1. Of B:ARG35, B:ARG269, B:ARG102, which has the most accessible area and how do the rest follow, probe 1.4 Å?
2. Check A:SER72: other-chain or 5+ apart residues with amide H under 5 Å from its amide H, H built from backbone geometry?
3. With the calculation restricted to Cα positions, what are the radius of gyration and Dmax of the range A:127-190 in angstrom?
4. Using Cα pairs under 8 angstrom and six or more residues apart, how large is the relative contact order of chain B, in percent?
5. Quick one: which of A:127-140, B:62-75 comes out on top by average Cβ neighbours within 10 Å, and what's the full order, highest first?
6. Ignore the peptide's own chain and count Cβ atoms of other chains within 10 Å of each Cβ in B:247-253; give me the average, rounded.
7. Order A:HIS244, B:HIS93 by their accessible area, 1.4 angstrom probe, all chains in place, largest first.
8. Taking the Cα-to-Cβ direction at A:SER37 and at B:GLN42 and moving 7 Å from each Cα, how far apart do the two end points lie in nm?
Amino acid sequence: MKSTIKFLFAFLAIASLGLTACNKDDDAPAKDPGTLSILFDNKLGDKGISLKDFGDKTFDYTDANGQAFNISLFAYYISAIELEGPGGVKHIDPLKVTANASEVTGYYHVISTTPGSNVINLSGIEPGTYNKIRFTVGVDESGVQEGAAGGVLDPANGAWFWNWNAGYIGFGVEGNASNSGQEYVDWGNGFETLEGTYAIHVGGWKDVEPQPGEDPKFVNNIKVIELDFDSSIKIEDGLSPQAHINVNFEELLKGIDFSATYAVHRPDLGKPFAEKLVEVFEFDHVHQ
Amino acid sequence: MTSPVVYWACLVLTVFVSCSDEDEPTLPVNRYEFRVPENFPQPIYTFDNNPVTKAGFDLGKALFYDPILSRDGSASCNNCHIQATAFADSPVHPLSVGVDNRLGIRNAPPLTNMAFFPEFFWDGGVTHLDFVPINAIEADFELDETVENVVAKLNANKKYRDMFRDAFDIEEVTLPYTLYALSQFTNMMVSANSKYDRYIRNEGGSLTALELEGLATFSEKCGACHSGELFTDFSYRNNGLDSTFADTGRNRITALNSDIGKFRVPSLRNVALTAPYMHNARFKTLEEVLDHYDNGMVYYETIDETFVNQNGLGIDLEETDKAAIIAFLNTLTDFDFVQDTLFFRN
């Protein structure tokens, strides 16, 4: 009988909570959830990126050290997007990893071969005023360790994935450089690497403690980017706010020597590039 | 006292109680249910994402034995992972053999008890069981195929489209479901019914005096690395095979100089069946392995400190110790597992 009385109190407590919440809603009828479009504007300095074929020695960009290069292909993962407002409102884009492609959420692959992939449309955002965005570049441990995944995380469907050191390539760019040290390689089965190309693949999501006295080389190249908007935006049903973020490949490749660094395919080699990602992603503007 | 609210609350409570009563009857024995042996640790595999079902297991088995996963249809997973040797390679393949008879660089390890493993391959480069087959499919000296082609071939095959529909309720075959199926098959490869297991679980089995002596000596001399019921601590160590390393092992993954020449401490379950031994198949017999630890180790700067003692390198083993340890290791053979019809090719 005691437990019945406890149950009754719990029941009444929950019921009264429910009533309180209902009253609050009646006082201030809330707007319905809204949307936000996030546009990643890929740039090389102040210019847009004009993709060139592998082997195309038309160089439309020369860096500060006089190296002429172009870009043929790029891709990066954006995940774990969070929005915040000055009044404490917060939106967390839910993450889900599963084999069922239609149920995978929160992971986005911006890839140069897929037009429109640079636009991420979030919905179901709690109405309010927002002025900050946070996101992860890459797929961190929580995503990798869920196992096989569909959609943009499916290696047979365009995901950039390392099999030997299993995990996703968080940020990758490939192209041609006038002084690249890359020689021609025939890999067989129709696969080849052309002379004068370069490929920078930034991956690696694990932390392994180095031995005493040794530099940590097995690095976690996952980076979280946090950007403040220059003005707040209102998100609610009926509005179409947008946030523009520049992705400046000039910052990623600043200081590279293509004659020596043209094939980056290991976490330790990618670390210097991962450290630059915080400069690569820059807030541009928002509008309602 | 009996207000309507109390009446309804009691009624609700009654319903809850009667519901939980209905859960009581025991389920029929299901061979496709993943069970954790009493003496094993908890599994690491993400079963919530991919529970084992009969249809998924059958699909995984079909894929495992089918050379459709290779570039030219000449090799399957089964080429290097054979049930008779606890899904390690046959002794006639000291190193793995892939398409075009291409020789691999390492001895294919057994696939038993994978659900309990945190990392895979001799260097631990893969951290989730689902991703293991990608490595084998794409390696040019193994199956030398692209995952895109595998998916295309499976989609073009009515038998497989039907099996994927049965297993996962999908009309189009995709890679992640292919990997799910293979994981379901390998996850069921739990080998925990050796003579040792029946002894340690008090299921009526007993060990001979020599085997018990071997267990004690093994625990003392080998148990620091081959610890726990899986007989590995899953660490990466240099056990003194070489002083130069063409295959640098764990260093390939971590890029740490301190990891050059380190390889995973292997599980010793079914070890009597999985010759030859070591990542590079250096030793043909367990006697050779113990002789190596006794007096065959060579120095490289990453040598595991466990082996460094005042007499030099190695583990001090008398011939009687070796005989006893081998007698004990033989009790780790699970004859039920290697004969289990569940895993037979259909």
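The values are calculated or read from the model by the stated rules, or taken from the named source; none is laboratory data. As the structure is a prediction and not an experimental result, all values here were calculated from the model. Because the Cβ atoms are built from the backbone with ideal geometry, glycine has one as well, and the counts that use them run over all protein chains shown. To get the accessible areas, we keep the full protein, side chains included, count just its heavy atoms, and leave off ligands, DNA and RNA. Shrake-Rupley method; radii C 1.70, N 1.55, O 1.52, S 1.80 Å.
1. Working: B:ARG35 115, B:ARG269 5, B:ARG102 80 Å².
Most to least solvent-accessible, the answer reads B:ARG35, B:ARG102, B:ARG269.
2. A:LYS52, A:GLU174, A:GLY175, A:ASN176
3. When restricted to the Cα atoms of the range A:127-190, Rg and Dmax are 17.5, 56 Å.
4. Numbers: 570 pairs, mean separation 65.7, N = 346.
Computed over chain B, the figure is 19 percent.
5. Working: A:127-140: 21.2, B:62-75: 18.9.
Highest mean packing first, the order is A:127-140, B:62-75.
6. Values: counts 0, 0, 0, 2, 2, 3, 9.
Taking all residues of B:247-253 together, the mean is 2.
7. Values: A:HIS244 25, B:HIS93 50 Å².
Greatest to least solvent exposure: B:HIS93, A:HIS244.
8. So the label points at A:SER37 and B:GLN42 sit 4.6 nm apart.
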